[in-house]
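The values are calculated or read from the model by the stated rules, or taken from the named source; none is laboratory data. All values derive from a computational prediction rather than experimental measurement. Every residue, glycine as well, gets a Cβ built from its backbone with ideal geometry; the counts of neighbours run over all protein chains shown. Accessible surface areas use protein heavy atoms only, side chains included; no ligands, DNA or RNA. Shrake-Rupley method; radii C 1.70, N 1.55, O 1.52, S 1.80 Å.
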Amino acid sequence: DNGSVQTRAVYNILGVNRDGRKDLIGIYLSENEGAKFWLSVLTDLKQRGVEDILVACVDGLKGFPDAIEAVYPKTQVQLCIVHQIRSSLRYVPEKDKKAVVADLKPIYQANSQDQGYEKLLEFDEKWGKKYPLSVKGWLDNWGNLSTYFEYSPDIRRAIYTTNAIEAMHRQVRKITKTKGAFTSDQALLKLVYLTIKDISKKWTMPIRNWGLTMQQLHIKFGDRIKAFGNSF
């Protein structure tokens, strides 16, 4: 770009349709992220036909939950638990990491939101003074971190982490990292698109236990699922 190599980030939106099958519904390239960028992404998705989203699992990107609420006000947001754990450990020295990880487990493995919050308060009491930033992220974002407690274990496994798209990104990086610099943004997007098109050939089966998951989603979101045909 203008005679020099610039860094670009490619953002992908991975959806799960009514049949339980994965589908990449958006590829976006940007130098910066934030509420304005995510608002433009979600507005684009809506204009292209994504009329409703039941649950959106995101990895704590700045401004994303606010943008989701603005475009899809009925959508529940679940922040990725794995990313939150990594973020917490960023402020913990090596000597205490094992103990902190052990004390985080009762929070996200709790049986209910109330039980999880009790464990979070215990975690705060034990580690809050020593590592306040490690606790702050959980307390500030508890509403969006605890969404998955409303669901059964099968649905929790599907929404508590962004592992599905992380796995896809690992496969994309295997291709892009061997190419060095790209001649243009368009060249990068074309390669990513073709790579994902190849990866998606394997997305032929629904996610695990989708039948049970769909029954529970119908109970909770029956009218919304029926209103929009075969996908959400």
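General remarks:
- FRET efficiency, 1/(1 + (r/R0)^6) with R0 22 Å, evaluated for Asp154 and Gln113 via beta carbons: 0.80
- Over the stretch 85-145: Rg over Rh, Cα atoms, Kirkwood Rh: 0.93
- Virtual spin-label span in nm between Glu51 and Ala9, 7 Å along Cα→Cβ: 3.3
- Ellipsoid semi-axes for the stretch 1-41, based on the Cα gyration tensor and the rule √(5λ), read 28, 13, 6 Å when sorted largest first.
- A simple spin-label model places the labels of Thr178 and Lys62 3.5 nm from each other, with each point 7 Å out along Cα-to-Cβ.
- Bridge orientation summary for the chain: considering DSSP beta bridges with both residues in this region, about 65 percent are antiparallel.
- Distance histogram in 5 Å bins (all Cα pairs of the stretch 15-79, percent per bin): 4, 17, 28, 30, 17, 4, 1
- Computed helical MRE - 222 nm, the chain, DSSP H runs ≥ 4 contributing -39500 (n - 2.57), nearest 500: -17000 deg cm²/dmol
- Accessible surface of the stretch 85-145, 1.4 Å probe: 48 percent of it comes from carbon and sulfur atoms.
- Accessible surface ranking for Thr7, Thr195, 1.4 angstrom probe, highest first: Thr7, Thr195.
- Nearest-0.05 FRET efficiency for Asp140 and Ser30, computed from C-beta distance (R0 22 Å): 0.30
- Summary: within the chain, the longest segment free of GluC sites (Glu not before Pro) located in DSSP loops with at most 14 other C-beta atoms within 10 Å is 52-232.
- Dimensions of the stretch 163-232 from C-alpha coordinates, computed as largest minus smallest value along each principal axis and given longest first, are 50, 23, 18 Å.
- Normalised by the number of residues in the chain, the average gap of Cα pairs under 8 Å and 6 or more apart makes the relative contact order 26 percent.
- Computed E for Asn2/Leu121 - FRET, C-beta separation, R0 45 angstrom, nearest 0.05: 0.30
- Here the label points at Asp96 and Met205, each 7 Å from Cα along the C-beta direction, are separated by 4.4 nm in the simple model.
- Using the 1.4 Å probe convention, the accessible area of the chain works out to 60 Å² per residue with neighbouring protein chains retained.
- Candidate residues Ile155, Ile175: accessible-area rank, largest first, probe 1.4 Å: Ile175, Ile155
- Average projected area [Cα convex hull, the stretch 1-160], square nanometres: 11.9
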